[in-house]
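Undergrad: Structure incoming, see below.
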Amino acid sequence: MHDLSHLRSPLSTVSRLIGTVIAVQANFYQVRLDQPLKDHHNALISHLLCTRRTRLKKIGQTVMVGDRVIIEEPDYQDARGAIAQVLPRKTELSRPPVANAEQILLVFALDEPLLEPWQLSRFLIKAESTAIPFLLCLNKADLLTSTQQKTWQERLEKWGYNPLLISVMTSQGLKALKDSLKGKITILAGPSGVGKSSLINTLIPQVEQRVNQVSGKLQKGRHTTRHVELFELPEGGLLADTPGFNQPHLDCSPTQLINYFPEAKQQLEKGNCQFSNCFHRGEPNCVVDENWERYEHYLTFLEEAIAREEASQQMADQESSVKLKIKESGQEYYEPKLETKKYRRTSRRQKHQNLQELYENQSLEILEEFEDDLDF
Ligand code: GDP
Ligand code: ZN
């Protein structure tokens, strides 16, 4: 008998390749391998462009940026592979769609654009509601005097936060920031114009170069709002850029809301309100007083949360007739739904045919619109 064991061993070592998904575009996944492979010319391959196994599609297993995946059938020649399995997620965010994020880096500017307390509150509440630890960074410190900087610092400390004041321009605070990003998956969030792109370019000097190396297919949809990409930090760690994340959608319940204000939560920890469903707006024997700067913010967000809960109740009772809208200011409201869009009436089969055509034309941005509908 011939001994065939030597034929099996090389196969079994390549069949359990593990990596992290760093970019998703339509049905392609850019995966950074934990351990680079060697191709036939002994050159190192650190990334593979992968598709997802049909089996995963069938069981409804999605693949997100940040996912830890097992890859099969790597093709060294073209740096391709197939995702066979997604390892269990530690955390999962839907907006932006990122798996295994360990922290959120919330960036605001102290000036230009002017720091808007109301907008900052909305982002802070959103960040609090994810239960993922976050770091608040205030950029453009160079535009403020040190006294003005100190005023903001103290004001936010009263809110229960310890912001890191930075300046991409003068490098103030960047060393401390780099230290806290080391070795972690971090989600970058904040309104536009505060310096997020400038920060990425400073943290990852070769980023433009690297982005250009990404294949044509992945490159195309880079600036669409649903696109998320993980940038690799030189000191280790990944940073998720989230374009279009400038008006976060809140979805907490009215009773949860108070817990997202650290300065009020602290009061709650001292005792119980008389009513277990207390909204903390002047009810008898409420332990939360009205003596805090963001109390007004709380009341406005509370109204929103109550309206949202009532609307979802209505939706459960009857076929949905209202639609959630978000104003310029970030305020949410409901309006009656208009007639369903035409393309929604096309059959599933027709949609798939259209999709096939789109794939062939590689119109990925349009494809993304369809994917929203299809729920792959
Ligand atoms: P993004 O929309 O959050 O990505 O913001 P950008 O990175 O595009 O920056 C918006 C503007 O702010 C640009 O004109 C930057 O040059 C400027 N900017 C970024 N960081 C700083 C900073 O630390 N100080 C000052 N004064 N301007 C900055
Ligand atoms: Zn109360």
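The values are calculated or read from the model by the stated rules, or taken from the named source; none is laboratory data. Just so it is clear, the model here is predicted, and its values are computed rather than measured. Cβ: placed from backbone, ideal geometry, glycine included. Neighbour counts: every protein chain shown. Only protein heavy atoms, including side chains, enter the accessible area calculation; ligands, DNA and RNA are left aside. Shrake-Rupley method; radii C 1.70, N 1.55, O 1.52, S 1.80 Å.
Undergrad: What is the antiparallel percent of DSSP beta bridges lying wholly in the stretch 70-203, to the nearest 5? Display every interim value, and only then the final one.
TA: Details: 6 of 18 bridges.
Bridges in the stretch 70-203 are about 35 percent antiparallel.
Undergrad: Arranged from highest to lowest average of other beta-carbon atoms within 10 Å per residue, in what order do the peptides 148-155, 82-89 appear?
TA: Working: 148-155: 14.0, 82-89: 16.0.
Put in order of decreasing packing, that is 82-89, 148-155.
Undergrad: By how many nm would the segment from Asp75 to Lys175 grow when fully extended, if each residue of separation counts as 0.36 nm and the alpha-carbon distance is taken off? Intermediate values should be presented prior to the final figure.
TA: Details: separation 100, 0.36 × 100 = 36.00 nm, distance 3.98 nm.
Result for the pair: 32.0 nm of gain on full extension.
Undergrad: Here is a follow-up. Output ³J(HN,Hα) for the stretch 23-35: one whole-Hz value per residue in order, computed from phi by the Karplus curve 6.51 cos²θ - 1.76 cosθ + 1.60 with θ = phi - 60°, and x for Gly and Pro.
TA: 8, 10, 9, 6, 9, 10, 10, 8, 10, 8, 6, 4, 10
Undergrad: Here's another thing I want to ask about it. What spacing in nm lies between the two simple spin-label points modelled at Thr145 and Ser312, each 7 Å away from Cα in the Cβ direction?
TA: Placing both labels 7 Å beyond Cα along the Cβ direction yields 4.8 nm.
Undergrad: Each residue of the stretch 150-158 in order: what ³J(HN,Hα) in whole Hz does its phi give by Karplus 6.51 cos²θ - 1.76 cosθ + 1.60, θ = phi - 60°, with x for Gly and Pro?
TA: Rounded to whole hertz, the list is 5, 4, 5, 3, 5, 4, 6, 5, 5.
Undergrad: Multiply the residue gap between Gln153 and Lys270 by 0.36 nm, knock off their C-alpha separation, and tell me the result in nm, one decimal place. List each step's numbers first, then the result.
TA: Working: separation 117, 0.36 × 117 = 42.12 nm, distance 2.57 nm.
Here the answer is 39.6 nm.
Undergrad: Hey, another quick one. Tally Lys/Arg at +1 and Asp/Glu at -1 over every other residue whose Cβ is under 13 Å from the Cβ of Leu177; what's the total?
TA: Values: positive: Lys175, Lys178, Lys182, Lys184, Lys196; negative: Asp179, Glu235.
Taking every other residue near Leu177 into account, the sum is +3.
Undergrad: For the peptides 310-318, 133-141, 229-237, what is the packing order when you average, over each peptide's residues, the other Cβ atoms within 10 Å and list the highest mean first? Before the final figure, lay out the partial values.
TA: Values: 310-318: 11.7, 133-141: 22.1, 229-237: 16.7.
Descending mean neighbour count gives 133-141, 229-237, 310-318.
Undergrad: For the stretch 11-88, what % of the accessible area comes from carbon and sulfur atoms, probe 1.4 Å? Before the final figure, lay out the partial values.
TA: Values: 2020 of 4020 Å².
Solvent-exposed carbon and sulfur of the stretch 11-88 make up 50 percent of the total.
Undergrad: May I pose another question? If R₀ is 35 angstrom, what is the calculated FRET efficiency for the pair Lys58 and Ala131, using the beta carbon separation as r and rounding to 0.05?
TA: On the way: r = 31 Å, r/R0 = 0.89.
According to the calculation, E is roughly 0.65.
Undergrad: Right, next: Between Glu102 and Val287, take the C-beta separation as r, use R0 = 35 Å, and let me know the FRET efficiency to the nearest 0.05. Don't skip to the end; give the middle numbers.
TA: Values: r = 33 Å, r/R0 = 0.95.
With R0 = 35 Å, the Cβ-Cβ based efficiency is 0.60.
Undergrad: Which of the residue pairs Lys126/Lys325; Lys140/Lys265; Lys126/Lys323; Lys158/Lys265 have a Cα-Cα distance greater than 19 Å in the structure shown? It would help to have the intermediate numbers written out before the result.
TA: Values: Lys126/Lys325 17 Å; Lys140/Lys265 30 Å; Lys126/Lys323 21 Å; Lys158/Lys265 13 Å.
Distance filter (> 19 Å) returns Lys140/Lys265; Lys126/Lys323.
Undergrad: Same structure, new question: Mind checking the per residue accessible area of the stretch 254-319 for me, 1.4 Å probe, whole number of Å²?
TA: Values: 3950 Å² over 66 residues.
Roughly 60 Å² per residue, with all protein chains present.
Undergrad: If you don't mind, another one. So, by mean Cβ neighbours within 10 angstrom, what's the order for 118-128, 168-178 with the highest one leading? Please list the in-between numbers first.
TA: Working: 118-128: 21.0, 168-178: 15.7.
Final packing ranking: 118-128, 168-178.
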